[in-house]
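Visitor: Take a look at this one; I'll ask things after.
The values are calculated or read from the model by the stated rules, or taken from the named source; none is laboratory data. This one's a predicted model, so the numbers in the text were calculated from it and none came from an experiment. Glycine also receives a Cβ, built like all others from the backbone with ideal geometry; neighbour counts cover every protein chain displayed.
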Amino acid sequence: MSTILRPPAAGRRFVIGLPFVWLTIAFLIPFLIVLRMSFAELDDTGSPFGPLLTFSDGVISIKAKIVNYVALTEDDNYLWTFLRSLAYAGLTMVLCLVTGYPFAYFMARAKPAYRPVLLMMVMLPFWTSFLLRIYAWKGILANQGLLNNLLLWLGVITEPLKMMNTPFALVLGMFYAYLPFMILPLYANLVKMDVRFLEAAADLGATPWQAFWRITVPLSKSGIIAGAMLVFIPAVGEFVIPELLGGPETLMIGRLLWDEFFVNTDWPRASALAVVAIMLILVPMAVFNKYKAEQEAEDRA
């Protein structure tokens, strides 16, 4: 009779607790600080860290102002900026999925000897500074840039196209920057898929296209979800790409936060804006994860 060796309880608690400690330090504490500032007001010195609780003559007073959140609902600019950020991030996510899935599928079905090389080609852009890579697109998309000069030389156009400071440049830049974040989780999922399922489908008369849609895509659902989250979440709050490639009509939440913090120096308003932006991302994710867990529990039952 074999005995199952279990790690010591202290070791399990350490392994499980370490990520929670890291998340508390790196996310929860900074979020609580921002949340606290969102209910504060600037004092005479311009500091947003005035006391929210005061005690005087035996009375505890709470000075939590919601005016910063009310102001977000009264100004349409905040609403449209939120919607615009979600739209650009969603479009970027779809483009990365449509383009990245064939890349990941090809890499997963390539010969094992070629996979490290293909994987390195996907990761190669990370060896260069993110800022430099995005800034290089200014030289490509400018009126006198490489792309316009090439099209003029080929005779495709007669005058330079305006591509800089447009939604096209913004989406193209985010698509280029976040495409590897879609390919890598898809590849990690597809490379572990058992190809015998496809062979069985072929034996049962399924065409390659039917086998792809009914077997490959459902089995790669977790990779699709992981890649979509890795692209969508940072794209919503992107600042560098809209600043370098976008124009006034491509204002996104990241630039709006920067303006509120460092141009208007209204830290309570900026903190309220940051809290709302975080909630718009985390709440749907939490609901989705709860629904996914319930579905998995039903499938196991």
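Visitor: Suppose we keep only residues that are touching a residue at least 12 places away in the same chain (Cβ under 8 Å) and either part of a helix (DSSP H, G or I) or among the hydrophobic types (A, V, I, L, M, F, W, C) (or both) within the range 202-224. Which one would you say is nearest to Leu141 (Cα to Cα)? Outline the logic, then answer.
Guide: Filtering the range 202-224 down to residues touching a residue at least 12 places away in the same chain (Cβ under 8 Å) leaves 211, 214-216, 219-220, 222-224.
Okay, now just the ones that are also either part of a helix (DSSP H, G or I) or among the hydrophobic types (A, V, I, L, M, F, W, C) (or both), so 211, 214-216, 219, 222-224.
Working: Ala211: 40, Arg214: 40, Ile215: 40, Thr216: 37, Leu219: 39, Ser222: 35, Gly223: 32, Ile224: 30 Å.
Checked the range 202-224; the qualifying residue nearest to Leu141 (Cα to Cα) is Ile224.
Visitor: Same structure again: Could you count how many residues in the range 242-254 are assigned to a helix (DSSP H, G or I), out of contact with any Gly (no Cβ under 8 Å at 6 or more places or on another chain) and buried (at least 17 other Cβ atoms within 10 Å of the Cβ)?
Guide: Selection size over the range 242-254: 1.
Visitor: Let me ask another. Inspect all residues belonging to the range 262-276 and state whether any of them is at pLDDT 90 or above and touching a Phe, Trp or Tyr at 6+ places or on another chain (Cβ under 9 Å).
Guide: Narrowing the range 262-276 to residues at pLDDT 90 or above: none.
No, every residue in the range 262-276 fails to be at pLDDT 90 or above and touching a Phe, Trp or Tyr at 6+ places or on another chain (Cβ under 9 Å).
Visitor: Let me ask something additional. Closer than 17 Å to Ile224 by Cβ, in contact with an Asp or Glu (Cβ under 8 Å, 6 or more places away or on another chain) and either touching a residue at least 24 places away in the same chain (Cβ under 8 Å) or small (Gly, Ala, Ser) (or both): is that true of Ala108 in this structure? Break it down into steps so the answer makes sense when it comes.
Guide: Details: closer than 17 Å to Ile224 by Cβ: yes; in contact with an Asp or Glu (Cβ under 8 Å, 6 or more places away or on another chain): no; either touching a residue at least 24 places away in the same chain (Cβ under 8 Å) or small (Gly, Ala, Ser) (or both): yes.
No, not satisfied.
Visitor: Hey, another quick one. Among the numbered criteria (1) within 19 Å of Met174 (Cα to Cα); (2) of a type outside the set (Asp, Glu); (3) more than 17 Å from the chain's Cα centre (by Cα); (4) surrounded by fewer than 16 Cβ atoms within 10 Å (Cβ to Cβ), which one does Phe126 miss?
Guide: (3)
Visitor: Are there helices (runs of 4 or more DSSP H) fully within the range 66-128 with at least 3 residues that are charged (D, E, K, R) and over 30 Å from Ser38 (Cβ atoms)? List them. Full working, then the answer.
Guide: On the way: elements: 67-74, 76-109, 115-123.
Here the list is empty.
Visitor: May I pose another question? I need the full set of residues from the range 1-29 which are among the small types (Gly, Ala, Ser) and either under 26 Å from Val275 (Cα atoms) or at pLDDT 80 or above (or both), in order please. Don't jump to the end; show me each part of the working.
Guide: Initially, the range 1-29 is screened for residues among the small types (Gly, Ala, Ser), giving 2, 9-11, 17, 26.
Gly17, Ala26 - these are the residues of the range 1-29 that are among the small types (Gly, Ala, Ser) and either under 26 Å from Val275 (Cα atoms) or at pLDDT 80 or above (or both).
Visitor: Taking only pairs six or more apart or across chains, which ones have beta-carbon atoms under 6 Å, a first residue in the range 63-82 that is surrounded by 11 or more Cβ atoms within 10 Å (Cβ to Cβ), and a second residue that is basic (Lys, Arg) and modelled with pLDDT of 80 or more?
Guide: Here the result reads Asn68/Arg269, each pair linking the range 63-82 to a residue that is basic (Lys, Arg) and modelled with pLDDT of 80 or more.
Per-residue answers, yes or no, for (1) modelled with pLDDT of 80 or more; (2) closer than 29 Å to Val275 by Cβ:
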| site | (1), (2) |
| --- | --- |
| Gly50 | no, yes |
| Leu53 | no, yes |
| Val59 | no, yes |
| Asn68 | yes, yes |
| Thr73 | yes, yes |
| Pro102 | yes, no |
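Visitor: Looking only at the range 72-92, decide whether some residue is small (Gly, Ala, Ser) and more than 21 Å from the chain's Cα centre (by Cα). Walk me through how you get there before you give the answer.
Guide: Going residue by residue through the range 72-92, those that are small (Gly, Ala, Ser) are 85, 87, 89-90.
Now narrow it down to the ones that are more than 21 Å from the chain's Cα centre (by Cα): none.
There is no residue in the range 72-92 that is small (Gly, Ala, Ser) and more than 21 Å from the chain's Cα centre (by Cα).
Visitor: Here's another thing I want to ask about it. Taking Met193 as meeting all but one of (1) among the hydrophobic types (A, V, I, L, M, F, W, C); (2) modelled with pLDDT under 80; (3) not in a helix (DSSP H, G or I), write down the number of the exception.
Guide: (2)
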